[in-house]
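Participant: Below is a structure I'd like to ask you about.
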Amino acid sequence: MRGGAAPSLGGRGALTIGTAPAAAWYRRAAMEPAVLARGLGKRYGRVAALAEVSLEIPRGTIVGVLGPSGAGKTTLVRCVGLLARPTEGSLRVLGADAGSADGALRARIGYMPQEAALYEELPARANVRYFGRGVPDDRVDRLLALLGLADRAGDPVLGFSGGMKQRVSLACALARDPELLLLDEPTAGIDPILRVEFWKEFRRLRDEGRTLLVSTHQIDEAVHCDRLLVIREGRVLWEGPPADLLARGGASATARTRAGAVHERRFEDPARGMPPWIAGIGAGEIVELRVRPDTLEDVLVRLIGERSDPGAGGRSSASLDRTAPGG
Amino acid sequence: MLLDTTRVARRILAQIARDPRFVGLACAVPVLLVLLLKAVFEGVPMFQRLGLRIGVYALPAGGFIVFFLAYVLSTIVLVRERRDGTLERTLAAGYGRASVVLGYVLGYGTIAAVQTAFLFGTTLLAFDVPLAGRVAPVVATTLSLAVVSVALGVFVSALARTEGQVFPTIPLVIAPSLLLCGLVIPLASLPGWLRAIAYAIPLTHAEKVLLGLLRDGRTFAEVAPWLGALVAMGAGLLAAASLTVRARA
């Protein structure tokens, strides 16, 4: 977790556990995307938690699953993690059909649930060792040291802060050096510094060739992802790289006139030049014109249609409030 | 699979070792219950007038205590594991369901074995038990009963969402077991349909062995079929329990 010399959490070197044989089926499977879903759906009784979700997650990428609470993020993560059985569609995980999944496939997936789900009476080290199913003790200790828990490795998790529990939970998910990491809101309820550290770590894991599926309701975390999957009410609203989503964004323009009036409008396609309403004001009347292109957060907030994170969404309106009376 | 089983069992024992109060109570409770039995049966004139040979009933009653304690403990712990997501996480880590269930049996079975040791030790000191030459089958029966309890606990825990919901199931399992197992009321005096229920209860088979050996002076060969039936019920309950340990909803 600490920066500096960037020690590796896994790689394919000395820390690697349970190297799979380079059999032909394995090579073939390794070329398939990490996750391939077609028309995926999951119903709980009459409630459709997911519907018609199609996605392809290439290996070695970070995919962020964004959406408001109750959008189906956890259901999607649990389906991919072989913890929920889809009721419709097809799903392949790490080159295997999710329906015929067994313990061996599960062991190649690292799963970090939303709640820490640790044995709190036990020390951090014992938790990682247990969920790592026989990983060597030196790997357990190195993982905990990397996550900044070297001093507390022998202490029961019971007395840990929320952020420390999340770190132990992440260590458990990483213990077996999984190819696919499923992280369900890993940064929920942790402090901003640790959030930055977590994302640094996620990128390093990606750079080492792992695939990460990270769900979050924090819109500002979208910039860290290689691809985004925006869902609401169980359906995919948008899927692709953040840059493509940003390109769909517009801009907002604020014009202040000589008389002191402030006009604030949006225009959806800045490439086509100034919208007619500015000309309508009269060029000579405008004393100040500000154009602010949408940020990724703006685009996401508009896309999702509701401000799931008040911190991210509230800023622009707050700044408008400040400029209006001054003009 | 064997390795995973021992990992689950070791984890359970490590959890318990971290809780000295639990360990103390778990060892003290069987001792105190046996002493209470002695106080009641030897202190109340009515029982003395009946001329009951208390010594022969002490261990069969102890078997019931082991059954009761192991059942309550494993049910409550399993409900907690299901609620907190640690059971799901265990399965997500690649542990097989059979490894998990057998790990629980090994872990809680070890605790039950320790409790049995305390119970037997106290019983032998407190009562005059005709145990000579029967130690092995009596211990085997009590431990088989503990396995049945853990399996039943895993199974019942799937029906409860909270620890609070476990409590109503306790009398539901314990009361019929105690009333119909033959310890309190002889099986022969039960009406047919009640006797049919009695034979569906694992404790009945255990008591057939324990009472047969200790009270009725039967040989092990005579009671062995009952022990076999108990073991078969244990195996069936283990299979049923493993069906409730599922990663996928």
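Participant: Tell me which of these residue A:99 doesn't satisfy, since it passes every other one: (1) closer than 19 Å to residue B:97 by Cα; (2) more than 8 Å from chain B (Cβ to nearest Cβ); (3) part of a loop (DSSP other than H, G, I, E, B).
Facilitator: Condition not satisfied by residue A:99: (3).
Participant: Among the residues of segment B:1-52, count how many are within 14 Å of chain A (Cβ to nearest Cβ), out of contact with any Phe, Trp or Tyr (no Cβ under 8 Å at 6 or more places or on another chain) and more than 25 Å from residue B:118 (Cα to Cα).
Facilitator: Qualifying residue count for the region: 4.
Participant: All but one of (1) surrounded by 22 or more Cβ atoms within 10 Å (Cβ to Cβ); (2) over 26 Å from residue B:9 (Cβ atoms) hold for residue B:55; state the number of the condition that does not hold.
Facilitator: Every listed condition holds for residue B:55 apart from (1).
Participant: Checking the condition modelled with pLDDT of 90 or more and more than 25 Å from residue B:144 (Cβ to Cβ), which residue from B:51, B:85 passes?
Facilitator: B:85
Participant: What's the total number of residues in segment B:12-24 that are under 14 Å from residue A:121 (Cβ atoms), under 21 Å from the mean Cα position of the chain (by Cα) and open to solvent by less than 50 Å² (accessible area, probe 1.4 Å)?
Facilitator: Residues that pass the stated criteria total 3.
Participant: Just a yes or no: is a residue in segment A:122-129 within 15 Å of residue B:12 (Cα to Cα), surrounded by 21 or more Cβ atoms within 10 Å (Cβ to Cβ), touching a Ser or Thr at 6+ places or on another chain (Cβ under 8 Å) and without any contact (Cβ under 8 Å) to a residue 40 or more places away in the chain?
Facilitator: no
Participant: Do we have any residue at all in segment A:107-120 that's out of contact with any Leu (no Cβ under 7 Å at 6 or more places or on another chain), open to solvent by less than 50 Å² (accessible area, probe 1.4 Å) and either in contact (Cβ under 8 Å) with a residue 60 or more places away in the chain or assigned to a helix (DSSP H, G or I) (or both)?
Facilitator: Yes, the conditions are met somewhere in segment A:107-120.
Participant: Going by what's in this entry, would residue A:276 be described as modelled with pLDDT under 85, surrounded by fewer than 16 Cβ atoms within 10 Å (Cβ to Cβ), farther than 30 Å from residue A:54 by Cβ and of a type outside the set (Ser, Thr, Tyr)?
Facilitator: The answer is yes for residue A:276.
Participant: Being open to solvent by less than 30 Å² (accessible area, probe 1.4 Å) and more than 12 Å from chain B (Cβ to nearest Cβ) is true for just one of A:175, A:171. Which residue is that? Don't jump to the end; show me each part of the working.
Facilitator: Values: A:175 fails: more than 12 Å from chain B (Cβ to nearest Cβ).
Residue meeting the stated conditions: A:171.
Participant: Let me ask something additional. Please go through segment A:137-168 and give me each residue that is away from chain B (no Cβ under 14 Å), of a type outside the set (Gly, Ala, Ser) and open to solvent by 50 Å² or more (accessible area, probe 1.4 Å), ordered by number.
Facilitator: Answer for segment A:137-168, where residues must be away from chain B (no Cβ under 14 Å), of a type outside the set (Gly, Ala, Ser) and open to solvent by 50 Å² or more (accessible area, probe 1.4 Å): A:138, A:141, A:142, A:151, A:152.
Participant: Could you list, in sequence order, the residues of segment B:29-60 that are within 20 Å of the chain's Cα centre (by Cα) and free of Cβ contacts under 8 Å to residues at least 12 places away in the same chain?
Facilitator: The answer is B:32, B:36.
Participant: Of everything in segment B:122-135 that's touching a residue at least 60 places away in the same chain (Cβ under 8 Å) and within 20 Å of residue B:219 (Cα to Cα), which residue is most open to solvent (accessible area, probe 1.4 Å)?
Facilitator: B:128
Participant: Within segment A:66-83, track down each residue that is modelled with pLDDT of 90 or more, open to solvent by 10 Å² or more (accessible area, probe 1.4 Å) and either over 13 Å from residue A:42 (Cβ atoms) or among the β-branched types (Val, Ile, Thr) (or both).
Facilitator: A:74, A:75
The values are calculated or read from the model by the stated rules, or taken from the named source; none is laboratory data. Since the model is a prediction, treat every value here as computed from it, not as a measurement. In this analysis, Cβ positions are derived from the backbone assuming ideal geometry, glycine residues included, and neighbour counts consider all displayed protein chains. All accessible areas refer to the heavy atoms of the entire protein, side chains included, with ligands and DNA or RNA removed. Shrake-Rupley method; radii C 1.70, N 1.55, O 1.52, S 1.80 Å.
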